[in-house]
Amino acid sequence: MFPVAKAVIHLGSTEIIDTFAEAFRLRFARLVVTAHDTSWLEAGVQSFCGYATSVIGCDAEVGVERFISPDESPDGRPGASILAFAFTTDSLAEAVANRTGQCLLTCPTTAV
């Protein structure tokens, strides 16, 4: 049998096919990270975002919102906007503090 056609919604350039989704009430934080060059930036960002695919089973759900050009960043260096999500404000604060201290502040040239 062929699948039943689903409703398609367009939000900007994103196509959303109405199938299934779940949503949770979450708290979030946005961090802007910069570094001397894209190599150091990517190293820090990958470390910060590691083990963060879902709030189910890890401390936070984390991902890169977008990369920021030097002319957009606060210190004129390559940057990234990172989003972090958790179920409570306290757990989000702990996850962001731990990940920042262990992954970003230990990466050469990064600033948060």
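Within segment 27-60, track down each residue that is more than 28 Å from P78 (Cβ to Cβ) and hydrophobic (A, V, I, L, M, F, W, C).
Those that are more than 28 Å from P78 (Cβ to Cβ) and hydrophobic (A, V, I, L, M, F, W, C): V55, I56.
With (1) free of Cβ contacts under 8 Å to residues at least 24 places away in the same chain; (2) more than 25 Å from E22 (Cβ to Cβ); (3) of a type in the set (V, I, T) as the list, and T100 as the residue in question, which single condition is left unmet?
Of the numbered conditions (1) free of Cβ contacts under 8 Å to residues at least 24 places away in the same chain; (2) more than 25 Å from E22 (Cβ to Cβ); (3) of a type in the set (V, I, T), the odd one out for T100 is (1).
Inside segment 67-90, can you point out the residues that are loosely packed, with under 15 Cβ neighbours inside 10 Å and either on the phi > 0 side of the Ramachandran plot or small (G, A, S) (or both)?
Taking segment 67-90 as the starting set, the residues that turn out to be loosely packed, with under 15 Cβ neighbours inside 10 Å are 69-72, 74-76, 88-90.
Scanning segment 67-90 gives S69, G76.
Since every read-out is calculated from the coordinates, none of them should be taken as a lab result. All values derive from a computational prediction rather than experimental measurement. Heads up, the Cβs are rebuilt from the backbone with ideal geometry, glycines too, and the neighbour counts pull from every protein chain shown.
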